[in-house]
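To start, the structure under review is shown below, and the notes come after it.
The values are calculated or read from the model by the stated rules, or taken from the named source; none is laboratory data. Predicted model, so just to flag it, every value in this text is computed and none were measured. Positions of Cβ are backbone-derived with ideal geometry, glycine not excepted, and every protein chain shown enters the neighbour counts.
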Amino acid sequence: MSLSTKALFRATKPKARPDRRQVALGDFPEAVRPREDVRRADDFYPTGQPEAIRALLARDGAAIRSCGAVWEPACGDGALVRELRAAGLPCVASDLIDRGCPDAAVADFFAMRVSPCRAIITNPPYDLINARDGRGRWLRHTLDLPGWDYLALLLSADWDFARSNGLGALIDANPYSYCYKMRWKLDFTGEGSPPQRNVWMVWDRRDPRSWHGRGPHPEPSIRMMDRDDARQAELALGAQAP
C-alpha cells in the first residue's frame, strides 16, 4: 500500500484554515519551492541497514499503524521509505534535494507549517539536529509543527548529552517519551567498523505519561532494542525445520 506522494505535493491554493487531520503537503506551495542552497554532500548518510526500521516496527508497529500514514521528511534514497511501504504503511516521502527515492517530492522541511501525517519517522540531517552546527533546529521545528502524534528520530546515542546552543534546554522542556538503545552499530558509510552507537528517540503526544507540550514532565524511559525485526519468529521456525 502506497500513497501517491507527488500528487500530494502538487501546488494548490492554500486553505485559510487547513484541517490538521486531512492536510497534504500540496496545500503549502512554499514548501516545494526550490532553494538556491543545497545540503552538503557529506551530510548524506543513508540508513542502509534495514534492521533499524524493522526493529522499530516490531516494537512500535501498533502505535505507528494507528496513525494511519507516515511522513519521512529526509527520505534520501528511500532506505526507510521502502521498508515502511513494504510493511504496508502509507508513506509520504520528501527531501530537500532528489536523491532517488521513488515517488518522493523535493520539499523544504523548514517551510512546512503542518505535518501531512500523524506519524513522522526519519534519520534527520546531522548538521541540523546536533547542538554545534544545527542548534537542534530540526527538532525545534518539528516540535512546533501541529498535525503529528508520533515522532521517531534515528540519532547517535550521545545526542541528548548536549547542553550547548540551547539544545539541552530544548530537550529538558520537551523530553522524549522513551528511547530505544540499539545493541548493534549501524554502518552508514558502508566502510565497516561503524564508530558510533545509535538510538531511536520517540515523542508520543498521545501518551499521558510522557511529553504533552506542557510541564511538569516525567522522566523518559529507556528501552533496549536488539538487532531483529517482526519476522524473527518466522525465521527461527524456518531455521529449525528439517
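Overview of results
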| read-out | value |
| --- | --- |
| Selected residue (only one of 41, 52, 111 is at pLDDT below 95, over 16 Å from residue 150 (Cβ atoms), among the small types (Gly, Ala, Ser) and out of contact with any strand residue (DSSP E or B) (no Cβ under 7 Å at 6 or more places or on another chain)) | 41 |
| Given (1) of a type in the set (Gly, Ala, Ser); (2) more than 16 Å from residue 53 (Cα to Cα); (3) touching an Asp or Glu at 6+ places or on another chain (Cβ under 6 Å), index of the condition residue 93 fails | (2) |
| Any hit, region 153-171, residues being over 20 Å from residue 67 (Cα atoms), in contact with a helix residue (DSSP H, G or I) (Cβ under 8 Å, 6 or more places away or on another chain), modelled with pLDDT of 90 or more and hydrophobic (A, V, I, L, M, F, W, C) | yes |
